[in-house]
Structures are given as C-alpha cells and as structure tokens.
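Visitor: Can you read through this structure? Questions will come right after.
The values are calculated or read from the model by the stated rules, or taken from the named source; none is laboratory data. Because the structure is predicted, anything quoted here is derived from the model rather than measured. Every residue, glycine as well, gets a Cβ built from its backbone with ideal geometry; the counts of neighbours run over all protein chains shown. Protein only, heavy atoms only, side chains kept; ligands, DNA and RNA dropped before computing areas. Shrake-Rupley method; radii C 1.70, N 1.55, O 1.52, S 1.80 Å.
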Amino acid sequence: MTEEMIRENLSKDKEAITNLGELNDLKVKYLGKKGLITEFNQEIKNIPNEEKKAFGMKVNALKEEFNSFYEEKKAYFEEQMLNEKLAKEAIDITLPATKVVSGAPNILEKLIEEVEEVFMSMGYDVVDGPEIEEDKYNFEMLNIPKGHPARDAQDTFYIEGEEVLLRSQTSPVQVRTMLKGNGEIPIRMICPGKTYRRDDDDATHSHQFMQIEGLLVDKDISLSDLKGTIDIIAKKLFGNEVESRFRPSYYQFTEPSVEVDISCFNCKGKGCHICKKTGWITIAGAGMVHPNVLRMGGYDPNVWSGFAFGFGAERMAMLKYDINDCRVFYNTDLRESKTFDRKETE
Ligand code: DAH
C-alpha cells in the first residue's frame with residue numbers, strides 16, 4: 001500500500017472511531033505486526049540506498065501522525081469515561097437526608113441519677129456493692145439470723161448452698177460500708193443497685209428490680225433527721241408541695257422501723273388512680289439503724305446512731321411517670337422511653 005493510500009485510510013478511520021476500544025483496534029491495524037504502516041516500512045528493503053533515508057522519514061512521519069492522533073484521542077476518550085462515571089456517581093445534595101434516630105435515656109436510670117444528685121448535694125457518697133452476695137451480709141449481719149421467718153418474705157435466689165446468693169435487697173451494702181468505714185464517722189452513703197427475688201414477672205413484680213439504699217451514721221442522729229432527709233428528696237423528685245409521713249412498720253435491721261409515704265403529687269391528696277384514692281403513696285422502708293447492726297458493723301450503739309432507708313426505684317419511677325407496667329423498664333423499645341421523655345418536658 002502506498003503512503004497516500006495509508007493516509008486516505010487513516011483519515012477515514014479517524015472520522016469513524018467512537019471509543020477507546022476502536023482506537024486500540026486502529027493501533028493494531030496501523031502499527032501491529034501486520035499493520036499498514038509496519039508493512040509499508042518493510043518496503044525499505046526494495047528501496048535503493050540513496051532513497052532509503054527519505055523513505056525512512058516518510059515512515060516516521062506516518063508513525064508520528066498516527067501516534068499523536070492516538071494520544072490525543074485516548075486522552076479525550078478517557079476524560080469522557082471519567083465524566084460519565086462522575087455523572088453516574090454524583091451525589092444529589094438537594095435530596096432529603098435520612099433521619100438519624102437518636103436514643104433516649106432509660107427512665108429508671110434517669111430517676112436514679114436525680115436521686116444521686118440530691119444526696120450528693122447533701123454530702124453523701126454513691127457506693128456500689130456486689131450483686132452476688134454472701135448470706136452473712138444479706139441477712140445475718142442485718143440482724144436476720146438463719147431460720148428467721150423474715151427471710152421467707154424475701155424469696156431469695158441461692159447460688160451455692162445456703163451461703164452465696166443473689167442479693168435480695170441493697171441493705172447488705174450498709175454492712176459493707178460500715179465495715180469498710182472502720183469506725184470512721186460520719187457515714188453518709190447511698191447505693192442504687194440491682195436486687196433479685198424469686199418472683200413471677202408481671203405488671204408490678206420483677207425477679208430483678210432496683211433499690212436505692214441509704215445509710216447515715218453519726219452522733220445524736222434521730223428520727224427527725226430521717227424525716228427531714230426524706231422530705232428533701234420527696235420535694236425534689238415529686239414537687240415542692242409534696243409532704244411525707246411515717247407509718248410504723250417492722251424491719252429486722254431498724255428500730256423503730258417506718259414505711260415512708262408521700263402525699264399524692266398528682267391529686268394533692270384528694271384521691272386519684274395513682275394513690276389508689278388514699279391521698280398517700282408509699283415510696284420506701286426506713287428506720288433507725290438497729291443497735292445490733294451498728295455493733296456488727298463496728299460502731300458502738302451507745303455512742304453512735306444512724307438512720308437507713310430503702311427506696312424501690314421502679315416504684316418511684318412508675319409513680320412519677322404514671323407507668324402501670326414495670327416491664328417497660330427492661331424492654332428496649334425506643335418508642336416507650338420516648339413517650340416518657342415527652343411526658344416529662346410537657
Ligand atoms: N431492705 C428492705 C426491703 O427490701 C427495705 C428497707 C427497709 C431498707 C428499711 C432499709 C430500711 O435500709 O431501713 O424491703
């Protein structure tokens with residue numbers, strides 16, 4: 001094929017190609033082993049020596065022409081492909097965003113935190129104790145000896161024989177705190193924590209529930225100190241107009257023992273579904289620490305005195321947020337915690 005014919009072919013081919021694949025085919029057609037330019041170059045052996053140089057220059061000119069066309073087109077197609085890809089993957093920032101679903105604090109946790117805040121402001125420490133407890137701390141050192149009927153009231157989960165159990169109350173933390181206190185005064189602590197009893201779960205019972213234990217030991221502590229303390233927490237949690245009252249009760253580890261009622265924050269004492277028409281709501285058990293318990297904890301009851309209390313956390317939260325099933329605290333349905341959230345800010 002002559003130089004002119006190759007040029008003619010090339011100019012037609014240049015017009016026709018539409019993509020990178022076709023461009024590469026062209027390279028084979030012109031510069032491949034049997035390509036038009038390659039074969040044309042082979043003619044050099046039939047050319048007289050003195051014309052070889054001029055012929056070589058022609059071949060080079062053809063090659064250069066092809067190559068510069070090739071490079072230019074290749075860049076063009078590559079850019080085109082990139083643009084197409086970018087267009088396809090473009091993000092439309094005007095589209096509405098996916099909503100982020102945020103969590104809500106567990107309502108029980110929130111109540112416990114509130115109680116902690118109030119007690120901390122009065123100088124109490126927030127302490128912890130083991131959930132797997134020894135009989136010694138859960139019962140014996142709280143003045144409930146083996147075989148005592150008071151044990152039956154707390155249907156306990158025993159883990160190892162009769163010595164190791166899941167604590168049925170947070171009261172053992174009183175004992176542990178006194179022993180750790182080593183006779184130091186004053187003791188001011190609260191302990192929110194999980195407790196366990198062999199109850200069948202229903203709207204008002206759970207085999208696992210939360211108590212908030214409290215203990216104060218100092219000189220000349222009286223029942224009126226307990227009353228004043230309870231008043232403060234009742235007002236902070238349920239509103240300033242709420243009052244508290246004590247009813248006589250019985251616990252092995254306090255003497256005297258009381259049930260703590262608060263006036264109904266909902267109906268202001270008139271009677272409603274929350275206070276079961278009585279005007280009063282029970283929120284805790286409490287009393288003056290029994291001399292035996294003080295003694296076993298390392299504090300001489302002739303010198304020191306103290307009070308203790310135990311709040312039922314679920315019960316308080318249920319009253320505060322008007323919840324009628326304690327199982328909602330332990331399921332993870334966000335819709336429920338959101339509802340309480342709203343109730344509170346209303
Ligand atoms: N531990 C008791 C219970 O589980 C509650 C309680 C009553 C705790 C009186 C106390 C207290 O600290 O003084 O029923």
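Visitor: Please indicate, with yes or no, whether at least one residue in the range 271-291 is modelled with pLDDT of 95 or more, away from the ligand (no atom under 13 Å from the Cβ), open to solvent by 40 Å² or more (accessible area, probe 1.4 Å) and assigned to a helix (DSSP H, G or I).
Guide: Yes, there is a match, as at least one residue in the range 271-291 is modelled with pLDDT of 95 or more, away from the ligand (no atom under 13 Å from the Cβ), open to solvent by 40 Å² or more (accessible area, probe 1.4 Å) and assigned to a helix (DSSP H, G or I).
Visitor: Right, next: What are the residues in the range 220-255 that are in contact with a helix residue (DSSP H, G or I) (Cβ under 7 Å, 6 or more places away or on another chain), open to solvent by less than 60 Å² (accessible area, probe 1.4 Å) and not aromatic (Phe, Trp, Tyr), if any?
Guide: Those that are in contact with a helix residue (DSSP H, G or I) (Cβ under 7 Å, 6 or more places away or on another chain), open to solvent by less than 60 Å² (accessible area, probe 1.4 Å) and not aromatic (Phe, Trp, Tyr): Ile233, Leu237, Val242, Ser244, Gln252.
Visitor: Would you kindly identify the strands (runs of 3 or more DSSP E) lying entirely within the range 107-219 that contain at least 2 residues that are open to solvent by less than 30 Å² (accessible area, probe 1.4 Å) and under 21 Å from Tyr251 (Cα atoms)? Break it down stepwise before answering.
Guide: Numbers: elements: 132-134, 158-160, 164-166, 187-196, 208-218.
So the answer is 187-196, 208-218.
Visitor: Return the only residue of Phe209, Phe246, Phe238 being farther than 27 Å from Lys110 by Cβ and assigned by TED's automatic domain parsing to the domain that holds Glu131.
Guide: Checking each option against the conditions leaves just Phe246.
Visitor: So which residues in the range 79-106 are in a helix (DSSP H, G or I) and open to solvent by 90 Å² or more (accessible area, probe 1.4 Å)?
Guide: Glu79, Met81, Leu82, Glu84, Lys85, Leu86, Lys88, Glu89
Visitor: Go through (1) more than 17 Å from Tyr70 (Cβ to Cβ); (2) part of a loop (DSSP other than H, G, I, E, B); (3) out of contact with any helix residue (DSSP H, G or I) (no Cβ under 7 Å at 6 or more places or on another chain) for Met1 and report which single condition fails.
Guide: (3)
Visitor: For the subset of the range 296-333 comprising residues that are more than 16 Å from the ligand (Cβ to nearest atom) and among the basic types (Lys, Arg), which member is most open to solvent (accessible area, probe 1.4 Å)?
Guide: If we take residues in the range 296-333 being more than 16 Å from the ligand (Cβ to nearest atom) and among the basic types (Lys, Arg), then Arg327 is most open to solvent (accessible area, probe 1.4 Å).
Visitor: OK, next. Can you tell me which condition Glu71 does not meet? The list is (1) modelled with pLDDT of 85 or more; (2) open to solvent by 100 Å² or more (accessible area, probe 1.4 Å); (3) over 30 Å from Thr38 (Cα atoms), and all the others hold.
Guide: Result: Glu71 fails condition (3) only.
Visitor: Could I ask something else about it? Just to check your reading of the model, which residue among Lys12, Lys33 is assigned to a loop (DSSP other than H, G, I, E, B) and of a type in the set (Lys, Arg)?
Guide: From the options Lys12, Lys33, the qualifying one is Lys33.
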